[in-house]
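For reference, the structure is listed below as structure tokens.
The values are calculated or read from the model by the stated rules, or taken from the named source; none is laboratory data. Fair warning: this is a prediction, and the values are worked out from it, not measured in the lab. FYI the Cβ positions are ideal-geometry reconstructions off the backbone, even for glycines, and counts take in every protein chain you see.
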Ligand code: GLY
């Protein structure tokens, strides 16, 4: 058994763990990431909408402030990451159109518009014909919509690959093995033991293991984050050149209570998402999930049935009790959290990196992140999975 030491050891090499390690390294900390497959995780599946305004929900005004702050940081963050790596991130400032297909959807969208206006957000109500003027492939029955020019998109797979490259260039060390357990010595997080028995030691540990953050062995129950997996199934289609431009912006709708969105990339990929299912660790792509996404997307945009279906996949969002992330000191010395980002992991990547770097250097959360302290949940009694066999591979 060997032992290697860093200032900061990040458990989890998804986009949240990677941005944390990158920003920590930029602050002069010796950073390491432990993950068998850095750049994987929920971002492999995510559509990459940066939808602070169109994904606004009642009761989530505090989260809205963080989402808007991260959206504000995105242009500089994307430019810096591209500059550091030479990677094109597929960052597209194309805006979003949320539409309604029937009277119930329209009433729902009108309520969302009123909430956006009360929150001081920019969105414009459009009649159905104005929606179709913007996006001619929309179904003729569209009853109205909300134009939100500030909700953009990025390609999360490219973002993840760029963050791996940025970490490598900044000197972050990768340990390509699963973290088996957190090691606690004299009431302080001291490092991690990996599945191959290696002991990794660190001055501080960051738990950024996405949906798995709530079940790492060795984390004392009192600080174990209340994070659960929320399954999302997603489809990828390809728009042949002869159909381009099929869509010029992200289009989304609530169809009979289910959210569906279509995210067009510049390279012709069209991402259709996503289901939201509370099924534990299951990541099966089901006939029902694919059927519902295609049915709802087809109602929105009948022409999609002509497109090649190139990929189906499923991933696990890290859900938290209030749908907001857990950021910063955990209550156990030496252990910080960066998890629970639920539907907003891609959007919150820039602000999370900045917040965690600040917290690692100073021990304090910056002002904008104080509402997201993990301590807001207190010690939560919760059942761990009965065995590791029930956890994802
Ligand atoms: N933010 C989109 C989703 O989680 O499906």
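At least 1 residues that are within 16 Å of the ligand (Cβ to nearest atom) and surrounded by fewer than 24 Cβ atoms within 10 Å (Cβ to Cβ) in each: list the strands (runs of 3 or more DSSP E) lying fully within region 298-370 that qualify. Explain how you work it out, then say what you get.
Values: elements: 309-319, 326-329, 335-339.
Correct list: 309-319.
Each row is one residue, and each column tells you yes or no for (1) within 27 Å of residue 243 (Cβ to Cβ); (2) part of a helix (DSSP H, G or I); (3) within 27 Å of the chain's Cα centre (by Cα).
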residue	(1), (2), (3)
105	yes, yes, yes
111	no, yes, yes
125	no, no, no
131	yes, yes, no
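The rows are residues; the columns are (1) surrounded by fewer than 23 Cβ atoms within 10 Å (Cβ to Cβ); (2) farther than 15 Å from residue 248 by Cα; (3) in contact with a strand residue (DSSP E or B) (Cβ under 9 Å, 6 or more places away or on another chain).
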position: 44; (1), (2), (3): yes, yes, yes
position: 59; (1), (2), (3): yes, yes, no
position: 79; (1), (2), (3): yes, yes, no
position: 91; (1), (2), (3): yes, no, yes
position: 96; (1), (2), (3): no, no, yes
position: 102; (1), (2), (3): yes, yes, yes
position: 108; (1), (2), (3): yes, yes, yes
position: 111; (1), (2), (3): yes, yes, no
position: 119; (1), (2), (3): yes, yes, no
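Which members of region 3-56 meet the condition of being closer than 19 Å to residue 215 by Cα, within 13 Å of the ligand (Cβ to nearest atom) and part of a loop (DSSP other than H, G, I, E, B)?
Residues of region 3-56 closer than 19 Å to residue 215 by Cα: 9-14, 16-17, 33-37, 40-42.
With the extra rule that they be within 13 Å of the ligand (Cβ to nearest atom), the set shrinks to 42.
Selection gives nothing.
Give the residues of region 57-92 that are modelled with pLDDT of 95 or more and part of a loop (DSSP other than H, G, I, E, B), sorted by residue number.
Answer for region 57-92, where residues must be modelled with pLDDT of 95 or more and part of a loop (DSSP other than H, G, I, E, B): 86, 87, 88, 89, 90, 91.
Is there any pair linking a residue in region 250-265 that is under 10 Å from residue 296 (Cβ atoms) and without any contact (Cβ under 8 Å) to a residue 40 or more places away in the chain to one that is in a strand (DSSP E or B) and more than 13 Å from the ligand (Cβ to nearest atom), with Cβ under 8 Å and at least six apart or on different chains, and which?
259/253
Output the residues belonging to region 254-267 that are at pLDDT 95 or above and more than 11 Å from the ligand (Cβ to nearest atom). Talk me through it step by step, then tell me what you get.
Of all residues in region 254-267, those at pLDDT 95 or above come to 260-265.
Passing the criteria: 262, 264, 265.
For region 155-206, please list each of the strands (runs of 3 or more DSSP E) lying entirely inside it that holds at least 2 residues being touching a residue at least 60 places away in the same chain (Cβ under 8 Å) and within 21 Å of residue 218 (Cα to Cα).
Values: elements: 173-175, 179-185, 188-194.
Per the criteria, 179-185, 188-194.
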